[in-house]
């Protein structure tokens, strides 16, 4: 699974605070699992907001419950770094000996994302276009994929002329 998000570093906290981004929506982040590591840390994604209403909207979108009313994501919450308890909790989550591997919703540089998308998904994008669209793309034409994040979920958008298709990256990854 492709993961373009960077590890959350302790210095990010004060950097986000300085930019008035005091709210962090936490959620389980399965893309953060490293299959080549025996690390048993729980992967968490933090998305930063300067507006509590937007953070609550994100939390509402990810706060699903099962048929018994039990939250499906035990890590879904809002941390307010202006709250001393939340600030300390976040600092502790970032310690090397914590049980968490924390990622920021910040991504690696855009050029690196583009190169990786082109390299990893070129063939799958071609299959998707051939089987799921009516686009007939000439050899001299290029499709430019873009990666977007919405509520911690990665989406890829393919554009051709005036048309575009947006899908979950997971859908493209699972395409046969």
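Annotations for the structure displayed:
- Among the candidates 121, 128, 155, residue that is closer than 30 Å to residue 74 by Cβ and touching a strand residue (DSSP E or B) at 6+ places or on another chain (Cβ under 8 Å): 155
- Of all residues in the stretch 140-168, those that are part of a strand (DSSP E or B), under 27 Å from residue 61 (Cα atoms) and either out of contact with any helix residue (DSSP H, G or I) (no Cβ under 7 Å at 6 or more places or on another chain) or in contact (Cβ under 8 Å) with a residue 40 or more places away in the chain (or both) total 14.
- When the stretch 92-117 is limited to residues that are outside any loop (DSSP other than H, G, I, E, B) and touching a helix residue (DSSP H, G or I) at 6+ places or on another chain (Cβ under 9 Å), the one that is farthest from residue 15 (Cα to Cα) turns out to be 117.
- For the stretch 32-54, the candidate set comprises residues that are under 15 Å from residue 5 (Cα atoms) and touching a helix residue (DSSP H, G or I) at 6+ places or on another chain (Cβ under 9 Å); within that set, the residue that is modelled with the lowest pLDDT is 43.
- Qualifying position, being in contact with a strand residue (DSSP E or B) (Cβ under 7 Å, 6 or more places away or on another chain), exposed (fewer than 15 other Cβ atoms within 10 Å of the Cβ) and under 29 Å from residue 28 (Cα atoms), among 108, 165: 108
- Residue list for the stretch 1-60, restricted to those being farther than 16 Å from residue 94 by Cα, part of a helix (DSSP H, G or I) and in contact (Cβ under 8 Å) with a residue 60 or more places away in the chain: 17, 31, 58
- Being surrounded by fewer than 15 Cβ atoms within 10 Å (Cβ to Cβ), over 16 Å from the mean Cα position of the chain (by Cα) and closer than 17 Å to residue 30 by Cα holds for only one residue in 132, 74, 95, and it is 74.
- With respect to the conditions (1) surrounded by fewer than 16 Cβ atoms within 10 Å (Cβ to Cβ); (2) within 29 Å of residue 17 (Cα to Cα); (3) touching a residue at least 12 places away in the same chain (Cβ under 8 Å), residue 103 lacks only one, and its number is (1).
- Screening residue 82 on (1) outside any helix (DSSP H, G or I); (2) surrounded by 13 or more Cβ atoms within 10 Å (Cβ to Cβ); (3) in contact with a helix residue (DSSP H, G or I) (Cβ under 9 Å, 6 or more places away or on another chain) shows it passes everything except condition (2).
- Number of the exception - residue 88 against (1) part of a helix (DSSP H, G or I); (2) touching a strand residue (DSSP E or B) at 6+ places or on another chain (Cβ under 9 Å): (2)
The values are calculated or read from the model by the stated rules, or taken from the named source; none is laboratory data. Quick caveat: nothing in here was measured; it's all calculated off a predicted structure. Reconstructed Cβ throughout: ideal geometry from the backbone, glycine too, with neighbour counts over all protein chains shown.
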